[in-house]
1. So, in the stretch 168-207, how many residues would count as being open to solvent by 30 Å² or more (accessible area, probe 1.4 Å) and small (G, A, S)?
2. Would you mind finding the one in L88, L54 that is crowded, with 18+ Cβ neighbours inside 10 Å, in a helix (DSSP H, G or I) and touching a residue at least 12 places away in the same chain (Cβ under 8 Å)?
3. Considering only residues of the stretch 369-379 that are under 18 Å from V82 (Cα atoms) and outside any loop (DSSP other than H, G, I, E, B), which is nearest to the chain's Cα centre (by Cα)?
4. Mind checking which pairs have a first residue in the stretch 344-368 that is in a loop (DSSP other than H, G, I, E, B) and a second that is among the acidic types (D, E), Cβ under 9 Å, 6 or more apart or different chains?
5. Please find, within the stretch 67-106, the residue that is modelled with the highest pLDDT out of those that are in contact with a strand residue (DSSP E or B) (Cβ under 7 Å, 6 or more places away or on another chain) and more than 15 Å from L180 (Cβ to Cβ).
6. Can you tell me which residue in the stretch 1-34 is modelled with the lowest pLDDT, limited to those that are among the polar types (S, T, N, Q) and open to solvent by less than 50 Å² (accessible area, probe 1.4 Å)?
7. Considering F249, F237, F226, F283, which residue is open to solvent by 50 Å² or more (accessible area, probe 1.4 Å), among the aromatic types (F, W, Y), within 22 Å of the chain's Cα centre (by Cα) and modelled with pLDDT of 85 or more?
8. When you go through (1) more than 18 Å from G244 (Cα to Cα); (2) of a type in the set (S, T, Y); (3) at pLDDT 85 or above one by one for S277, which number turns out not to apply?
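The values are calculated or read from the model by the stated rules, or taken from the named source; none is laboratory data. The structure presented is a predicted model; accordingly, all values stated were derived computationally and were not measured. Glycine gets a Cβ as well: all are built from the backbone with ideal geometry, and neighbour counts include every protein chain shown. Remember, those area values only see protein heavy atoms, side chains included, never the ligands or the DNA or RNA. Shrake-Rupley method; radii C 1.70, N 1.55, O 1.52, S 1.80 Å.
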Amino acid sequence: MPFQVKNLQQKLDADSGVKRILALDGGGVRGILTLGFLEKIETLLRKRYDKPDLVLSDYYDLMGGTSTGAIMATGLALGMEVKQIIQLYLDLGEVIFGKRSYSIIPRDWTGFRAIFKENYNSENLEKQLQSTFGEIVFGDTQAIKCGLAINTKRADTYSLWTFANHPDGVYYKANKDIKLWELCRASSAAPYYFKPKQLPIKTRTGKAVKSGFVDGGVSLANNPVFQLFLTATVPSFGFNWVSGEDKLFMTSLGTGNGLLIEDPENLVNSRAVAWASKLPNLFMIDALEMNQIVLQYFGKNHGPADFIDNQFGKLEELKFLKEKLFSFTRHNVRLTQDALSALGFKFDLNKVRSIAEMDHYENIPDLLAIGRKASEQFTETNLPTSFDL
């Protein structure tokens, strides 16, 4: 099948045919699980187009993510191969999460650790992001190969900010000179884990504004798929793409869904400070479930229908909308003992609980293996040929 890579302008142009969007969830070190799926997608596309050097920025018109998903999306949008980002996670997981800011405090003393400014040294994270992305700015039309959207949350206004690189976006000129590593650092500043990041933002008139940003995961955009749909179609972001099940195709990938069941009596009697470590997961579970409901409700599914909860089930037979707004495929892994056992991983309960956490760097090899095994279920049919280049 012939293959022609579009340039950035063609990818952003609303009139250049069907559009493909890649949405990557947040989840700390569990992001390497997502890379197992991305590796499979890259392999499938290289085979389909008989192009061994194809990268995902060749195929997708817009990529975006939150937190660890923002880091992956940024690397991919710069034209990196998936294997390069896998190596990045293998190399840097221990550097970023290996040493807590107050290492004398045991990892499981979550309540006591919550009294400190941050649990991990954000300078280590910044150095690694700088080393990876250099001084490339958000408005670099040469280095960035496709549309890019990074989600973070402004801490002083509690508002979700989606930085999108379309030149016609109302805030593009104000933000185009922010460095990519700064945006990724802001997007991954999970409360309790890392301190907030100040960004050199400006108003639409060019006036500098003081700000503090935290992880975009403390919002419904931890799973950013619907936010990316809004980014692609709401005119103020600049893209202004046409919606429709035959016009937009979205690939949505998770970092694993690990619900840790806790003793209700312990929860009721917990001190206020003990809830600090639970807050990111509280938001993330909401984001996972609500975005899955939105996908099933408004989109045409080209993949497996994931179980949401006992109330909603899989929402497989909704008949309320005559016309769907987009097509999609969503893939994730349940990080429970039974689900992992079904994939061939015989972990005890303590190991499963550890894998479900976002900062246990020692689980990175296992998470990659889980992602690769689960990705065996991702097939050609999950990338419909009706959206081919």
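1. Total meeting the criteria: 1.
2. L88
3. G371
4. That search, which allows pairs on different chains as well, returns F345/D366; F347/D366.
5. The selected residue is I96.
6. Checked the stretch 1-34; the qualifying residue modelled with the lowest pLDDT is S16.
7. Going through F249, F237, F226, F283 in turn, the sole match is F226.
8. (3)
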